[in-house]
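The values are calculated or read from the model by the stated rules, or taken from the named source; none is laboratory data. A quick note: this is a predicted structure, and the numbers were derived from the prediction, not measured. All Cβ positions, glycine included, derive from the backbone under ideal geometry; neighbour counts span all protein chains shown.
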Amino acid sequence: AQKVTQAQTEISVVEKEDVTLDCVYETRDTTYYLFWYKQPPSGELVFLIRRNSFDEQNEISGRYSWNFQKSTSSFNFTITASQVVDSAVYFCALSEDFGNEKLTFGTGTRLTIIP
Amino acid sequence: EAQVTQNPRYLITVTGKKLTVTCSQNMNHEYMSWYRQDPGLGLRQIYYSMNVEVTDKGDVPEGYKVSRKEKRNFPLILESPSPNQTSLYFCASSRPRDRNSPLHFGNGTRLTVT
């Protein structure tokens, strides 16, 4: 069975600090996808990134970066120079390659950026 | 604009009164799904549909029904709502096996059952 663990329930950092959100996953599939979604206070789910299991290259998008390490089954998310607008709940999720496109979500990390 | 539209955004109802939450997508996606979000549990899948007239149970289907008579619509039906169905519900759609098509979520429906 698939499982995603986000051990950090809540994190608070002062604005402009860097912060890393941890995500550890479990799956027996050899092909799978990993995701990060952002849920701002308004409640919608905003897609941030999708990464397949064969692509271990780290990705950077502006202040956001992702570190995918198959050896430790982790897919961590770092925000550099955090801003108040980054305050949100962040979800890591996992899906198998074919069939039901179900996402198995972690329980989320609530990030608060203190001005 | 490509989007998944849920209605209503907020709904308060009483135990046992049938309700329907509508979901519509304008991206011609084959795949649609419903999730519920509860504190400390993340999001869990209720039902999904791979195409018109094809639906199947997710992880927490008890107390819910769905139908997929048209490609764009995937309503969630609560025949006899109970307080434990108080939750935040999300509809989602995607094009299966399309590496460039992540799951698109609607804006959510916050349901309270008293």
**Asked** For segment A:4-52, how many residues are modelled with pLDDT of 95 or more, farther than 30 Å from B:Arg9 by Cβ and out of contact with any Gly (no Cβ under 7 Å at 6 or more places or on another chain)?
**Response** 13
**Asked** Out of (1) farther than 29 Å from B:Arg9 by Cβ; (2) of a type in the set (A, V, I, L, M); (3) buried (at least 17 other Cβ atoms within 10 Å of the Cβ), the odd one out for A:Ala81 is which?
**Response** (3)
**Message:** Restricting to segment B:1-43, name every residue that is in a strand (DSSP E or B) and under 22 Å from B:Asp98 (Cα atoms).
**Reply:** B:Val4, B:Thr5, B:Cys23, B:Ser24, B:Gln25, B:Tyr31, B:Met32, B:Ser33, B:Trp34, B:Tyr35
**Request:** Please work out if A:Ala1 is at pLDDT 95 or above, under 30 Å from B:Leu111 (Cα atoms), surrounded by fewer than 16 Cβ atoms within 10 Å (Cβ to Cβ) and of a type in the set (A, V, I, L, M, F, W, C).
**Result:** no
**Prompt:** Among the residues of segment B:34-66, which ones are of a type in the set (A, V, I, L, M, F, W, C) and more than 8 Å from chain A (Cβ to nearest Cβ)?
**Reply:** B:Trp34, B:Ile46, B:Val52, B:Val54, B:Val60, B:Val66
**Message:** Just checking, does segment A:86-103 include any residue being within 14 Å of chain B (Cβ to nearest Cβ), basic (Lys, Arg) and not in a strand (DSSP E or B)?
**Reply:** yes
**Message:** So A:Ala7 passes all but one of these: (1) within 12 Å of another protein chain (Cβ to nearest Cβ); (2) without any contact (Cβ under 8 Å) to a residue 40 or more places away in the chain. Which condition number does it fail?
**Reply:** (1)
**Within segment A:41-85, tally of residues that are more than 14 Å from every other protein chain (Cβ to nearest Cβ) and in a loop (DSSP other than H, G, I, E, B)** = 10
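If I filter segment B:92-99 for residues that are surrounded by 15 or more Cβ atoms within 10 Å (Cβ to Cβ), of a type in the set (S, T, N, Q), in contact with a Pro (Cβ under 8 Å, 6 or more places away or on another chain) and within 11 Å of another protein chain (Cβ to nearest Cβ), do I get at least one hit?
So far as segment B:92-99 goes, yes, one or more of its residues are surrounded by 15 or more Cβ atoms within 10 Å (Cβ to Cβ), of a type in the set (S, T, N, Q), in contact with a Pro (Cβ under 8 Å, 6 or more places away or on another chain) and within 11 Å of another protein chain (Cβ to nearest Cβ).
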**Message:** When the residues of segment B:46-81 are narrowed to those that are in contact with a Ser or Thr (Cβ under 6 Å, 6 or more places away or on another chain) and polar (S, T, N, Q), which ends up surrounded by the most Cβ atoms within 10 Å (Cβ to Cβ)?
**Reply:** B:Ser49
**Request:** Would you check which residues across segment A:11-43 are of a type in the set (D, E, K, R) and surrounded by 15 or more Cβ atoms within 10 Å (Cβ to Cβ) and list them?
**Result:** A:Asp22, A:Lys38
